[in-house]
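Participant: Take this structure, written in structure tokens, and hold onto it; I'll ask about it next.
The values are calculated or read from the model by the stated rules, or taken from the named source; none is laboratory data. Just so we're clear, the structure is a prediction, and the values are computed from it rather than from any experiment. Cβ atoms come from the backbone with ideal geometry, glycine included; neighbour counts cover every protein chain shown.
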Amino acid sequence: MSERRIDGFFYGLFMDVGVLRNSGVVPVNPRKAYVDGFALRVGNRATLVSSAGARAYGMLIALTHQELERLYSAPGLEQYRAEPVLAQRIDGSPVPALCYNLLAEPRPDERNPDYAVRLQRVLRELGFPAGYVNSITGG
């Protein structure tokens, strides 16, 4: 019997199922989605921060709890913690999901332009709104 899968809401480079596969997990049922009330912040790493009126786009992807733990225990990702969110599929239907965010927001002086460029490329390839893609900066 296989382990149950749950939806994760991914807003960074893990939106790319190829990146997930290279991380040793089996992504299932990827769907475009968004969460309202959150904004994407890119410092040294990306995270979502609470922000009234904001919208962050990403992908809902089903993984097992074990796979999620494996992803976020990798070096450099230990500061992420799971939070429940109510994502909206692009067609408008709500989906409860786990979303991993940093324990502390990036400092204002943190920059990662390389990450921002890579993230913009993934967002474009997935067909997210151009205005959102262009709003991504490296800090």
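Participant: Being modelled with pLDDT of 95 or more and not in a helix (DSSP H, G or I) is the filter here, so list the residues in the stretch 108-139 that pass it.
Facilitator: Residues satisfying the conditions are 127, 128, 129.
Participant: I'm checking my understanding of the structure. Among residues of the stretch 4-22 that are assigned to a loop (DSSP other than H, G, I, E, B) and out of contact with any helix residue (DSSP H, G or I) (no Cβ under 6 Å at 6 or more places or on another chain), which one is nearest to residue 62 (Cα to Cα)?
Facilitator: It comes out as 4.
Participant: Something else: I need the full set of residues from the stretch 50-67 which are among the hydrophobic types (A, V, I, L, M, F, W, C) and under 12 Å from the mean Cα position of the chain (by Cα), in order please.
Facilitator: 56, 59, 60, 61, listed by residue number.
Participant: Which residues, counting only those in the stretch 23-32, are in a loop (DSSP other than H, G, I, E, B) and surrounded by fewer than 17 Cβ atoms within 10 Å (Cβ to Cβ)?
Facilitator: If the condition is that a residue be in a loop (DSSP other than H, G, I, E, B) and surrounded by fewer than 17 Cβ atoms within 10 Å (Cβ to Cβ), then 23, 24, 26 are the ones that fit.
Participant: For the stretch 87-119, which residues satisfy the criterion of being farther than 27 Å from residue 137 by Cβ and in contact (Cβ under 8 Å) with a residue 12 or more places away in the chain?
Facilitator: Answer for the stretch 87-119, where residues must be farther than 27 Å from residue 137 by Cβ and in contact (Cβ under 8 Å) with a residue 12 or more places away in the chain: 95, 96.
Participant: Which one is nearest to residue 45 (Cα to Cα), of the residues in the stretch 109-123 that are under 15 Å from the mean Cα position of the chain (by Cα) and not small (Gly, Ala, Ser)?
Facilitator: Here the answer is 115.
Participant: Further question: Is one or more of the residues making up the stretch 81-92 modelled with pLDDT under 95 and surrounded by 11 or more Cβ atoms within 10 Å (Cβ to Cβ)?
Facilitator: Checked against the condition, which is being modelled with pLDDT under 95 and surrounded by 11 or more Cβ atoms within 10 Å (Cβ to Cβ), the stretch 81-92 yields at least one hit.
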